[in-house]
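A short reminder: the numbers here are calculations on the coordinates, not readings from a lab. Keep in mind that what you see is a predicted model, and the values were worked out from it rather than measured. We place every Cβ from the backbone using ideal geometry, glycine too, and count neighbours over all the protein chains shown.
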Amino acid sequence: MIKFSGSAFKRVDNRLMSLQLVSQGLTNAVMFRADGETVQPAEVFFKKAILVERGSFRPVTYATNDMLDGARRVFLAQSGCSEEDLVVLMKMTLENLLAEGQLNHADFLTRVDILGALGRTVLISRFGEYYRLAGYLSRYTNKMIGLVVGVPSLMEIFDEKYYLNLEGGILEALGPNV
């Protein structure tokens, strides 16, 4: 995590600095609260259930919000956790942020600002595969983790090309992280 503060750094946008950490391979993920404040994932996820919706959010649609709200209601009922013990997360991969092979900083800030205005916490990561994201999140909590996916993403999850580097293939990726 990187965070600049003080009068000498008032023109520095910590979200852009954090994005650079991910794009340069110095960290696997960065996180912003709805107010745009950069935070440590461990602080936010500790002893919390996590519900994640992945996407490019270009733009955030009614369908995106409806799917997330429906998933949140089901997740709360099935997990038995309270609203206060749940972190709802909007997740973008670095690849989602690349336009013509380069990071478009204005586009990135616009998407993060829109998600923030909707009260959403944002995670930017290098985890293209769902199993890598699940493994990362499980390092920070022992509570349930839910991934909100539509039909196209569900079909992608079962594409074996993503699991060629795993000895157990797709079964290893979809099994519990122990």
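Within the stretch 56-103, track down each residue that is at positive phi and either outside any loop (DSSP other than H, G, I, E, B) or touching a helix residue (DSSP H, G or I) at 6+ places or on another chain (Cβ under 8 Å) (or both).
Within the stretch 56-103, just 57 meets the criteria.
Taking the stretch 1-57 as the search range and keeping residues that are among the hydroxyl-bearing types (Ser, Thr, Tyr) and touching a strand residue (DSSP E or B) at 6+ places or on another chain (Cβ under 7 Å), which one is surrounded by the most Cβ atoms within 10 Å (Cβ to Cβ)?
It comes out as 18.
Among the numbered criteria (1) more than 21 Å from residue 51 (Cβ to Cβ); (2) free of Cβ contacts under 8 Å to residues at least 24 places away in the same chain, which single criterion is violated by residue 139?
Status for residue 139: all satisfied but (1).
Look through the stretch 1-52, keep the residues that are assigned to a loop (DSSP other than H, G, I, E, B) and touching a Lys or Arg at 6+ places or on another chain (Cβ under 8 Å), and return whichever of them is farthest from residue 149 (Cα to Cα).
By that ranking, first place goes to 25.
Can you name every residue in the stretch 104-125 that is assigned to a loop (DSSP other than H, G, I, E, B), within 16 Å of residue 38 (Cα to Cα) and out of contact with any strand residue (DSSP E or B) (no Cβ under 7 Å at 6 or more places or on another chain)?
Within the stretch 104-125, 119 is the sole residue that qualifies.
Identify, please: which residue in the stretch 58-90 is among the small types (Gly, Ala, Ser) and surrounded by fewer than 16 Cβ atoms within 10 Å (Cβ to Cβ) and is, among those, nearest to residue 115 (Cα to Cα)?
It comes out as 63.
Being out of contact with any strand residue (DSSP E or B) (no Cβ under 6 Å at 6 or more places or on another chain), surrounded by 18 or more Cβ atoms within 10 Å (Cβ to Cβ) and within 16 Å of residue 47 (Cα to Cα) is the requirement here; does residue 162 meet it?
It is false that residue 162 is out of contact with any strand residue (DSSP E or B) (no Cβ under 6 Å at 6 or more places or on another chain), surrounded by 18 or more Cβ atoms within 10 Å (Cβ to Cβ) and within 16 Å of residue 47 (Cα to Cα).
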